[in-house]
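Taking it in order: structure first as structure tokens, then the write-up.
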Amino acid sequence: GAVVSQHPSWVICKSGTSVKIECRSLDFQATTMFWYRQFPKQSLMLMATSNEGSKATYEQGVEKDKFLINHASLTLSTLTVTSAHPEDSSFYICSASGLAGGGVTGELFFGEGSRLTVL
Amino acid sequence: AQSVAQPEDQVNVAEGNPLTVKCTYSVSGNPYLFWYVQYPNRGLQFLLKYITGDNLVKGSYGFEAEFNKSQTSFHLKKPSALVSDSALYFCAVRDPNSGYSTLTFGKGTMLLVSP
């Protein structure tokens, strides 16, 4: 299957700083990327959907100014957690979909996730 | 709106025994159904999917799932469980009319296989 690379895997930061997480599709062009947040022992919560070259669509209750998403190319999307606070500590996972990456009937391909700890 | 239910938070099974992880769905029209597995601190790995055709779908690591339209179910099964199968399993559905949209996930079922 297609490969999605997510970086960094782990990040620890001080409260008030910003953290950027990258999500790359390595062998296909991802027309759409999704960002999720996962709390311990819970399902994935969709935060936003990003389409290359356009603004991300955020789910209800997700602060767009807090979680900045950029999908500048067909292989890269970034999530920036701005002015992070301890309550932002979580596991963030990206996934990608696209014509070559599975299409409408295809599965989503997931990154390995990024564990954010805000002190 | 589409939805997925995984009625069991946890399934316990002894190694070598068959396992079943349950999933039911709700979607207008014919669904696209998926199973994923997640190991601790890792992303989700695709196991199998049902799009159309044979109701019994075979996937990775010896897993299979049976699509039952009348019961709106897509239970995950394996004839003989391994300790290494212990993980969190997610069922997911996509409405075929939704384009490149995300999947709707169930809340997950933790599978624990004891030696």
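The values are calculated or read from the model by the stated rules, or taken from the named source; none is laboratory data. The structure displayed is predicted, hence computed values, not measured ones. Note that each Cβ is placed from the backbone with ideal geometry, even for glycine, and that neighbours are counted across all protein chains shown. Surface accessibility is based on the protein's heavy atoms, side chains included, excluding ligands, DNA and RNA. Shrake-Rupley method; radii C 1.70, N 1.55, O 1.52, S 1.80 Å.
Applying the set (1) open to solvent by 10 Å² or more (accessible area, probe 1.4 Å); (2) aliphatic (A, V, I, L, M); (3) in a loop (DSSP other than H, G, I, E, B); (4) more than 12 Å from chain B (Cβ to nearest Cβ) to residue A:2 leaves exactly one unmet item: (4). For the range A:33-49, give me each residue that is surrounded by fewer than 23 Cβ atoms within 10 Å (Cβ to Cβ) and of a type in the set (Ser, Thr, Tyr). Answer for the range A:33-49, where residues must be surrounded by fewer than 23 Cβ atoms within 10 Å (Cβ to Cβ) and of a type in the set (Ser, Thr, Tyr): A:43, A:49. Here's a check for you: in the range A:54-74, which residue that is open to solvent by less than 70 Å² (accessible area, probe 1.4 Å) and modelled with pLDDT under 90 is nearest to residue A:17 (Cα to Cα)? Filtering the range A:54-74 for residues that are open to solvent by less than 70 Å² (accessible area, probe 1.4 Å) and modelled with pLDDT under 90, the one nearest to residue A:17 (Cα to Cα) comes out as A:71. Only residues that are open to solvent by 70 Å² or more (accessible area, probe 1.4 Å) and either in contact with a Phe, Trp or Tyr (Cβ under 7 Å, 6 or more places away or on another chain) or of a type in the set (Ser, Thr, Tyr) (or both) were counted in the range B:42-54, giving 1.
Of the residues in the range B:44-66, at least one is of a type in the set (Asp, Glu), under 13 Å from the mean Cα position of the chain (by Cα) and over 28 Å from residue A:94 (Cβ atoms). Restricted to the range A:5-59, and to residues there that are basic (Lys, Arg) and away from chain B (no Cβ under 11 Å), the residue that is farthest from residue B:104 (Cα to Cα) is A:14.
Here residue A:65 clears all of (1) assigned to a strand (DSSP E or B); (2) away from chain B (no Cβ under 14 Å) except the condition numbered (1). One residue stands out in the range B:13-62 among those that are among the hydroxyl-bearing types (Ser, Thr, Tyr) and outside any strand (DSSP E or B): the one that is modelled with the lowest pLDDT, namely B:28.
Of all residues in the range B:85-109, exactly one satisfies the criterion of being at pLDDT below 95, surrounded by fewer than 20 Cβ atoms within 10 Å (Cβ to Cβ) and either away from chain A (no Cβ under 12 Å) or under 18 Å from residue A:41 (Cβ atoms) (or both), namely B:107. Among the residues of the range B:5-12, is there at least one that is modelled with pLDDT under 95 and open to solvent by less than 20 Å² (accessible area, probe 1.4 Å)? No, every residue in the range B:5-12 fails to be modelled with pLDDT under 95 and open to solvent by less than 20 Å² (accessible area, probe 1.4 Å). Among all positions in the range B:77-84, there is at least one residue which is outside any helix (DSSP H, G or I), surrounded by 21 or more Cβ atoms within 10 Å (Cβ to Cβ) and away from every other protein chain (no Cβ under 11 Å).
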